[in-house]
Every structure is written in structure tokens, then in C-alpha cells.
Amino acid sequence: MTANSEPKHAAPGGCEGVTLVVCSSCRDETGSDARPRAGERLGDRVRELAMGTGVSVRQLECLGNCKRRLSAAMIREGCWSYVFGDLGLANADDLVAGALLFSTSTDGLLPWRGRPDCLKRGLVARIPPSSLLKDAS
């Protein structure tokens, strides 16, 4: 890497704002089908806490991580994306704190230092930005 080149894990041109995607169909630990589901309640709380921070919040049905519910994803255009599981309603503030930490990253990665514990132990996957895959062989 030269002084003018970007790190291999960062996307060219930098990264934009962070979006949190919360699985709205996740059930609570009892597996109850009651509505609103725990995932929807988590998404509502995350949205409330994220107001005015610049973090976008979306709720989508089924992130396909049912064995490790409640689930959420953290996405930043041009950067690595993250999927988390084993979350609870009490982790809404941790998701927002993690998104704000991610928004400060200059290398396209969610920093380990300062990351809330539930986003360390609950990490399911780290997905590379598509720009890295174009050059991969």
C-alpha cells in the first residue's frame, strides 16, 4: 500500500451514513407469535433512540438468523456490513451507539475498541463491500 492508496478493506471514495436494519419478525425467547413481535418492538425503540443522530433505521421481515434472534444488520454504503444476533430489547441503545461509532470509521470497518459488548459477542457475520469483490479473484 502506498501513501496515496486506501487500505485494502476500505472502499474507494469513503463511506456514507449508517443504516440499521432490524428484523421485525423476530420472536422473543419464548417463541411467542404475539404481535407486536419482539423484533418490531426492538426496531421501534432503535428508531426512537436514533432520531436526530443521522442514523437511518429500517425494519424488515426476516433476516434469516432465527436461531440467534433478535437480529439486526448494520450497513454503511461502500463499507463492510455486519449482522448481529442474540440481541434483546435492552440492546437498542447499543445498536445506536455502534452505528454512531461505525459512522466515525475511516477504514470501512466497525471499530472493535468502544464497540458495545453485545455487538462483539453477538456478531454473526461481517460482509465485504461489493467494490472489494469486483477485483477479487
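The values are calculated or read from the model by the stated rules, or taken from the named source; none is laboratory data. For clarity, every value in this text was computed on a predicted model and none was experimentally measured. Positions of Cβ are backbone-derived with ideal geometry, glycine not excepted, and every protein chain shown enters the neighbour counts.
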Just a yes or no: is a residue in the range 105-112 β-branched (Val, Ile, Thr) and surrounded by fewer than 20 Cβ atoms within 10 Å (Cβ to Cβ)?
yes
Quick check on this structure: which one of Leu95, Leu63, Leu87, Leu49 is under 11 Å from the mean Cα position of the chain (by Cα) and outside any strand (DSSP E or B)?
Leu95
What number of residues within the range 98-137 are among the β-branched types (Val, Ile, Thr), farther than 17 Å from Val83 by Cβ and either within 12 Å of the chain's Cα centre (by Cα) or assigned to a helix (DSSP H, G or I) (or both)?
0
How many residues does the range 49-65 hold that are within 15 Å of Ser24 (Cα to Cα) and without any contact (Cβ under 8 Å) to a residue 24 or more places away in the chain?
1
Which listed residue is touching a Phe, Trp or Tyr at 6+ places or on another chain (Cβ under 6 Å) and either among the acidic types (Asp, Glu) or closer than 15 Å to Val22 by Cβ (or both), from Gly85, Gly108, Gly122, Gly98:
Gly122
Candidate set: the range 66-87, residues that are out of contact with any Lys or Arg (no Cβ under 9 Å at 6 or more places or on another chain), within 15 Å of Asp28 (Cα to Cα) and modelled with pLDDT under 95; chosen: the one surrounded by the fewest Cβ atoms within 10 Å (Cβ to Cβ)
Lys67
